[in-house]
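Undergrad: Here you go, one structure.
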Amino acid sequence: MKSILVIGIGRFGKHLCENLVKNGNDVMAVDQVEEKLEDMLPIVTSAKIGDCTREEVLKSFGVRNFDICFVCIGTNFQSSLEVTSLLKDLGAPYVISKATRDIQAKFLLRNGADEVVYPDRDITKRIAVKVSANHVYDYLEMGEYSIYEIQPLEEWIGKSIKEVNFRVKYNANILGIKQDGHTSLMPHADHIFQREEHLMVIGEKEDIDRILKRL
């Protein structure tokens, strides 16, 4: 369990708080607008009204005691920049700031952000990949590698992972098998491919693309 501060309760900040709490974290939500915090009161550990561009406000939260501080201010980039910088000046251990453009990310990183996230860009990219390729059911990018949820190739049906020589032939790995609502991770090499199952495959994009072209 981690102690997390979320500053800016717009659409992204709200969903972030909800999911952080679901994963067992203590969350403090902060926004200048009281109405934005009303729905969060039953969910988060605490909710505060305040202008986080003011140093004394951030000081009052004890930001150095949080494991992670999120800056989710989406409508005023200048405020996002100021809050990010102030958090690091006040000793926040790890700051993750939201950006919508690459130029914003550069400034945020230069002003103290340890990490920058692009929620709008990332979700649109994920949707684009999912709908552009046949038989891709989900997609997640992880740095140089990506995870695709796909169906088995017709030529794999009835054969084992070992018989297909999957890792060597495709330069990729099968992380899991999904079937009938259940997921089994790290399948054994003797697993026999079945038509109705979905495979969670990880690899570099160009290697996975070679599989997708054959689906």
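The values are calculated or read from the model by the stated rules, or taken from the named source; none is laboratory data. In this text the structure is predicted, and so the values were computed from the model without any measurement. Cβ coordinates were reconstructed from backbone atoms using ideal geometry, including for glycine residues, and neighbour counts include every protein chain displayed.
Undergrad: Pick out, from segment 139-193, the strands (runs of 3 or more DSSP E) lying fully within it that include 1 or more residues that are surrounded by 14 or more Cβ atoms within 10 Å (Cβ to Cβ). Steps first, answer last, please.
TA: Values: elements: 145-150, 173-179, 182-185.
Of the strands (runs of 3 or more DSSP E) lying wholly inside segment 139-193, those with at least 1 residues that are surrounded by 14 or more Cβ atoms within 10 Å (Cβ to Cβ) span 145-150, 173-179.
Undergrad: When you scan segment 76-91, how many residues do you find that are within 18 Å of GLY10 (Cα to Cα) and of a type in the set (A, V, I, L, M, F, W, C)?
TA: 3
Undergrad: Within segment 124-134, identify whether any single residue is assigned to a loop (DSSP other than H, G, I, E, B), closer than 30 Å to HIS198 by Cα, at pLDDT below 95 and not acidic (Asp, Glu), and answer yes or no.
TA: Let us first name the residues in segment 124-134 that are assigned to a loop (DSSP other than H, G, I, E, B), namely 133-134.
From the residues that got through so far, the ones that are closer than 30 Å to HIS198 by Cα too are 133-134.
Subsequent filtering for residues that are at pLDDT below 95 retains 133-134.
Still in the list and also not acidic (Asp, Glu): 133-134.
Yes: segment 124-134 contains one or more residues that are assigned to a loop (DSSP other than H, G, I, E, B), closer than 30 Å to HIS198 by Cα, at pLDDT below 95 and not acidic (Asp, Glu).
Undergrad: How many residues does segment 64-80 hold that are surrounded by fewer than 22 Cβ atoms within 10 Å (Cβ to Cβ), in contact (Cβ under 8 Å) with a residue 12 or more places away in the chain and either in a helix (DSSP H, G or I) or not assigned by TED's automatic domain parsing to the domain that holds ARG101 (or both)? Spell out how you get there, then give the answer.
TA: Just the residues of segment 64-80 that are surrounded by fewer than 22 Cβ atoms within 10 Å (Cβ to Cβ), to begin with: 64-65, 67-68, 74-79.
The next check asks that each one be in contact (Cβ under 8 Å) with a residue 12 or more places away in the chain; those that pass are 64-65, 67-68, 74-75, 77, 79.
Subset that is either in a helix (DSSP H, G or I) or not assigned by TED's automatic domain parsing to the domain that holds ARG101 (or both): 64-65, 77, 79.
Of the residues in segment 64-80, 4 are surrounded by fewer than 22 Cβ atoms within 10 Å (Cβ to Cβ), in contact (Cβ under 8 Å) with a residue 12 or more places away in the chain and either in a helix (DSSP H, G or I) or not assigned by TED's automatic domain parsing to the domain that holds ARG101 (or both).
Undergrad: Identify, by number, the condition in (1) in contact with a Leu (Cβ under 9 Å, 6 or more places away or on another chain); (2) farther than 30 Å from PHE77 by Cβ; (3) buried (at least 16 other Cβ atoms within 10 Å of the Cβ) that HIS135 doesn't meet.
TA: (3)
Undergrad: Anything in segment 17-54 that is free of Cβ contacts under 8 Å to residues at least 12 places away in the same chain, of a type in the set (Lys, Arg) and either part of a loop (DSSP other than H, G, I, E, B) or under 23 Å from GLU82 (Cβ atoms) (or both)? List them, or say none.
TA: The answer is ARG54, and nothing else.
Undergrad: Hey, another quick one. With respect to VAL57, is the statement that it is surrounded by 14 or more Cβ atoms within 10 Å (Cβ to Cβ), at pLDDT 95 or above and in contact with an Asp or Glu (Cβ under 8 Å, 6 or more places away or on another chain) true? Give the steps one after another, and end with the answer.
TA: Details: surrounded by 14 or more Cβ atoms within 10 Å (Cβ to Cβ): yes; at pLDDT 95 or above: yes; in contact with an Asp or Glu (Cβ under 8 Å, 6 or more places away or on another chain): yes.
When the stated conditions are applied, VAL57 passes them.
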